[in-house]
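Reading through the structure tokens given below for one structure.
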Amino acid sequence: MEKIECNDFKDTRSGFGAGLVEAGKQNANVFALTADVTGSVKMGDFKAAFPDRFIQVGIAEANMVGISAGLALSGKVPFASAFAGFITGRVYDQIRMTVAYSNLNVKICASHAGLTVGEDGATHEMMEDLGLMKMLPNMVVINPCDYNQTKMATIAAAEYNGPVYLRFGRPSVPNFTPADKPFLIGKAITMNEGTDVTVIATGHLVWPALQAAYELSEQGISAEVIDITTIKPLDEDAILASVAKTRCVVTAEEHLMNGGLGDSVCQLLCRRQPAPVEMVAVDDRFGESGTPNELMELYGLDQQHIVEACKKVIARK
């Protein structure tokens, strides 16, 4: 395979902000709510463009979800956004009972997710959120990989009728997907075709997965890379078709091993198509303070660990 180069670096939270403004232009019912973190979740442009549709609730995430539910019941499309650790763990009861159980058209939008929060440390490094959200009936769970994909995912979430959890992050990361590619909820994207191993990645781990595939190709190993943009509903057909060729899988995610993408993939394969799996994920640990790059390397969420996992799982076939 040819090595993919990227000189464009942007944070995915800014993709959310840009997508939210576009969604607001397309639909006058789109509202934005935040819990005292307007700048951090990039809602400033929406506030400037649509001040009558912006609600600052203060540090009251549970109230924000309740207000969002009321807006949804009145026909609005509310986007409630805060840091991942606070808009999931702190507010889980409200999301479960008021949004998911009632199947309301509320979008729960989480910034500063995963280890790449960096220096903010363990309290802010939410690595359980995908598991918490995917276990809720009716909840769609989206984890885009770069700025462009996050922007398009936000627009798609506004068009979807039902609860959505949208995850994005703080650091600048490679922006490598097409700017105008429509986002299809529930559809995986094959980034590179291969025959020896399937690498199933999501979010910030898609780019390292592509770089790992190139490194492996230089060693004569053909890796198929699949970008799982939607954790739930999972694109089962795309995964099964790939594994039918390669007969082994590596999953890669910025999340705990328990409850994340790898967990969903293993459940699918156990039921439909057993195959050896290695998981590149955080193994039952909280985070700690450090730069994003330091932490991703320390916790084994980087290109080299994906390469090693691929070689290990191929040997298990």
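The values are calculated or read from the model by the stated rules, or taken from the named source; none is laboratory data. Worth saying up front: this structure is predicted, and the values here are computed from it rather than measured. When we count neighbours, we look across all protein chains shown, and the Cβ atoms used for this are built from the backbone with ideal geometry, even at glycine.
Worth a mention:
- The set of residues from segment 268-301 being under 19 Å from the mean Cα position of the chain (by Cα) and free of Cβ contacts under 8 Å to residues at least 24 places away in the same chain comprises Asn293, Gly300.
- Screening segment 185-218 for residues that are without any contact (Cβ under 8 Å) to a residue 40 or more places away in the chain and in a loop (DSSP other than H, G, I, E, B) and picking the one that is nearest to the chain's Cα centre (by Cα) gives Glu193.
- Within segment 117-164, tally of residues that are under 13 Å from the mean Cα position of the chain (by Cα) and at pLDDT below 95: 0
- Complete set of residues in segment 277-310 that are out of contact with any strand residue (DSSP E or B) (no Cβ under 7 Å at 6 or more places or on another chain), closer than 23 Å to Ser222 by Cβ and not acidic (Asp, Glu): Gln303, Gln304, Val307
- Condition met for Phe79 (more than 19 Å from Gly24 (Cα to Cα) and either outside any loop (DSSP other than H, G, I, E, B) or among the hydrophobic types (A, V, I, L, M, F, W, C) (or both)): no
- Answer residue from segment 88-115, given it is β-branched (Val, Ile, Thr) and under 15 Å from the mean Cα position of the chain (by Cα) and is surrounded by the most Cβ atoms within 10 Å (Cβ to Cβ) among those: Ile108
- Qualifying residue in segment 83-97 (condition: in a loop (DSSP other than H, G, I, E, B) and within 19 Å of Leu234 (Cβ to Cβ)): no
- Conditions (1) crowded, with 22+ Cβ neighbours inside 10 Å; (2) farther than 23 Å from Ala201 by Cα: number failed by Ala157: (2)
- Scanning segment 119-134 for residues that are touching a His at 6+ places or on another chain (Cβ under 9 Å) and part of a helix (DSSP H, G or I) yields Asp120, Asp129, Leu130, Gly131.
- Residue match in segment 2-12 (condition: in contact with a Leu (Cβ under 7 Å, 6 or more places away or on another chain), touching a residue at least 60 places away in the same chain (Cβ under 8 Å) and surrounded by 14 or more Cβ atoms within 10 Å (Cβ to Cβ)): yes
- Failed criterion for Pro144 (all others in (1) more than 27 Å from Cys6 (Cα to Cα); (2) part of a loop (DSSP other than H, G, I, E, B) hold): (1)
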